[in-house]
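The values are calculated or read from the model by the stated rules, or taken from the named source; none is laboratory data. Everything quoted here is computed from the prediction, not taken from an experiment. Here the Cβ positions follow ideal geometry from the backbone for every residue, glycine too, while neighbour counts run over all protein chains shown. All accessible areas refer to the heavy atoms of the entire protein, side chains included, with ligands and DNA or RNA removed. Shrake-Rupley method; radii C 1.70, N 1.55, O 1.52, S 1.80 Å.
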Amino acid sequence: IPAVKDGKYRLIIITGNAGDGKTAFIQQLEKSVGNARSLKSKNGARFTIQGVPFQSNYDGSQDEEEQENDGVLDEFLRQFAGLSNFLEAREGRILAINEGRLIEFLANPARRKQFGFLYETIDEYIASEGMYSLPPGLLLVNLNWRSIIFAQERSIFEKQLEQLM
């Protein structure tokens, strides 16, 4: 959250399974900036970080109103098409989405023309399990790679053991 609030990223993608805490993280960030306004769809919010407008999407697999999911994602990510430095984007985006759905969306032949660099970067990053340098302004957090035995305070593992005792 501090790095996001410092303006280091314009595109933050959080992948993981249902219930992993993707939306909770985004809502925690929104609360910490203090100016978030829920979208009409309730699937995200608008807010600003250091004068830069941001929009979040709590579930990148969801249709919204009359718009199918591919259209939602296309509109949400459109400003990053053709960029290799994501700090050049006029607005920021924070997306919670299942890793498989993200790759499926970006791998579509029509979208690979539009989002080729983003697709190649994310595909390589996931394939290398995070051992690939991301371009400026892009942060990808894959919650499937997290450790349950380390935390700043008490780990999830410690809390689970405590409940069992």
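Structure values in brief
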read-out	value
Among residues of region 2-20, those that are open to solvent by 40 Å² or more (accessible area, probe 1.4 Å), in contact with a Leu (Cβ under 9 Å, 6 or more places away or on another chain) and at pLDDT 90 or above, counted	4
Qualifying residue in region 21-31 (condition: modelled with pLDDT of 90 or more, open to solvent by less than 50 Å² (accessible area, probe 1.4 Å) and in a strand (DSSP E or B))	no
Residue pairs meeting the criteria (Cβ under 8 Å; at least 6 apart or on separate chains; first over 23 Å from Asp70 (Cβ atoms), in region 115-144; second basic (Lys, Arg))	Gly137/Lys8; Gly137/Arg10; Leu139/Lys8; Leu143/Lys22
